[in-house]
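Notes to accompany the following structure.
Nothing in this text is a laboratory measurement; each read-out follows from the coordinates by a stated rule. Keep in mind that what you see is a predicted model, and the values were worked out from it rather than measured. Cβ sites come from the backbone with ideal geometry, for glycine too, and all protein chains shown count toward neighbours.
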Amino acid sequence: MPGNIRKTTLEECDLLIRNASVIDGTGGPIRNADVAVSGDEIVGVGPLDGIRAQAEIDSTGLCLAPGFIDAHTHDDWALLGTPDMSFKVTQGVTTVVAGNCGISAAPFRVQEGLPDPFNVTPEIQKFSFESVTEYRYAINDEAPAINVRLLAGHSALRATVMGPDLARAAMSVEINRMAELLDKALTEGAAGLSSGLDYPAAMAAPMEEVVMLARVLRHHPNTVYTTHIRDEGDGVIEAIKEALTTGQRADVPLILSHHKCAGSRNFGKSKTTLAMIDAARAKAEVALDVYPYTASSSALIERFIGAAIDVIVIWSAPHPECGGRMLDDIAAEWGVSREEACTKLKPAGAIYFDMDEEDVQRILQHPAAMIGSDGLPGTEKPHPRLWGTFPRVLGHYARDLKLFSLAKAVHKMTGLTATKFSLTDRGEITVGKKADLVLFNAEAISDLADFNDPEQPAKGIHYVLVNGQITLSRGRQTQARAGRFLNSHSQ
Ligand code: ZN
Ligand code: CU
């Protein structure tokens, strides 16, 4: 192993992080060590006295973890629009998986009149690309502060091939064309296929259409199928069944997106859904992602509001003055029903209070559950998960509620996620891995973002390194922009 040779002959390095409590990302015990970085790599881990270093950080009392990997994002466009990515860097996130829920910046032909969820962020129009290669060039030119792994979206493929009228199943010639585009996207470095079968853009797509496309993944090692299932409310059990069947029939690894049981009628159903997932895991590769909140956020859509106890309108194109207000208050003021108010406000974004805390905790604890924020950048008053997800898991759920150990929590946002997305050179603190690192205070770490004041950086993150570059120093973001497009072939 070249890593070991380097370690024994190590005499100097660029940066030496001394006296850290190392949480290595595997879920194993925390141990005390020094970590040496040269260029973009970890070059030494252990007692490293006697090494000359260009720079040193004394991290006594702090925990050093691999940079967090956000398993579920819609950051495709923000990486180009707001490349400092402060809402991720300040949480210790160094890599995001983008292109989720069926919508991706590439391969995608922008056009007028696309249905939801293409309205989920206003930036979609500005930064979308017909090929993954073009997106990759754009990312590498812009150099955002963090890395990106891109999934190709099923709805993006549908829009590109079928145009704006997506309320129907694709014809077989269209499926073939989508399969070609997907194959090309994967060849150009996309890491899998995502779907969003709960949204108008893909609701009419039968399972067969998705199975045919997911089968393309079989020709591309290290790829996955991720899905925002057809129904997260009353039909959640059926929808999980469909997703598991799709994965099995296509014979590809499956990731269930932002798993939840929405609506009070469905509280407690996570016992059943997780048991189904466990049964499937005995035969196939199945994992899931989850965010640590009982409220969801998405486009404002009539059929999502039934399950929610409360709905906050975050933005509205025709009624910007309604941003930040409760849907019920708007409806009362207008003298209309919730549904009618919703129709008038669209296109719009919303937060839905629709989950049970016990379900959220049960799902978070599942051994195959990774942390994914599902944050929606580019809107005013976003769901606090955009700025708070990772510190909230470490502070609120691991330290305060003791839902799991700190090492487990870190594993769910590093090693586990790296394995599921085949990010083979990240997610662990080992010699030879890329130097994506975060140094934090385990006693102080907490999310400050809440529903009233959602754009608050978290507390307790001291340093963040992305590909060896110090991107956050003593809690302040630096000018470094060392992020890369992480190609599924060059691991
Ligand atoms: Zn989704
Ligand atoms: Cu999503």
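Brief remarks on what is shown
- A Cβ-based charge dipole, computed about the Cα centre of the chain with Lys and Arg at +1 and Asp and Glu at -1, lands at about 1060 debye.
- The charge dipole of the range 43-140, taken about the Cα centre with unit charges on the Cβ atoms of Lys, Arg (+1) and Asp, Glu (-1), comes to about 140 debye, rounded to the nearest 20.
- One compactness figure for the range 250-300 is 1.30, namely its Cα radius of gyration divided by 2.2 N^0.38 Å.
- 10 °C / 1.306 mPa s Stokes-Einstein diffusion coefficient of the range 30-86, Kirkwood radius on C-alpha pairs, µm²/s: 109
- Percent of Cα-Cα distances greater than 43 Å, calculated over the chain: 11
- Summed residue charge, Cβ within 10 Å of Ala368's Cβ, Lys/Arg positive, Asp/Glu negative: 0
- Restricting the range 436-491 to trypsin sites (Lys or Arg not before Pro) that sit in a DSSP loop and have at most 13 other Cβ atoms within 10 Å of their own Cβ leaves Arg474.
- Surface/4 of the Cα convex hull for the range 150-191, nm²: 2.8
- Available extension along the chain between Asp141 and Asp58 is 26.5 nm, counting 0.36 nm per residue and deducting the alpha carbon span.
- Relative to the current alpha-carbon distance between Asn452 and Asp278, full extension at 0.36 nm per residue lengthens the span by 58.9 nm.
- The range 180-257: Cα Rg divided by the 2.2 N^0.38 Å rule of thumb: 1.05
- Charges were assigned to the Cβ only: +1 to each Lys and Arg, -1 to each Asp and Glu. The resulting dipole of the range 297-351 about its Cα centre is roughly 180 debye.
- Leading residue at positive end of dipole, the chain (Cβ point charges), from Thr121, Thr187, Ala458: Thr187
- Interatomic Cα distance distribution for the range 297-351, bins of 5 angstrom, percent: 4, 25, 40, 26, 5, 0
- Relative packing of 128-137, 213-222, which averages over residues the other C-beta atoms within 10 Å, highest first: 128-137, 213-222
- Computed lengthening from Glu339 to Arg265, 0.36 nm per intervening residue step minus Cα-Cα distance: 24.7 nm
- At R0 = 30 Å, FRET efficiency that the Cβ-Cβ distance of Gln125 and Arg481 yields, to 0.05: 0.80
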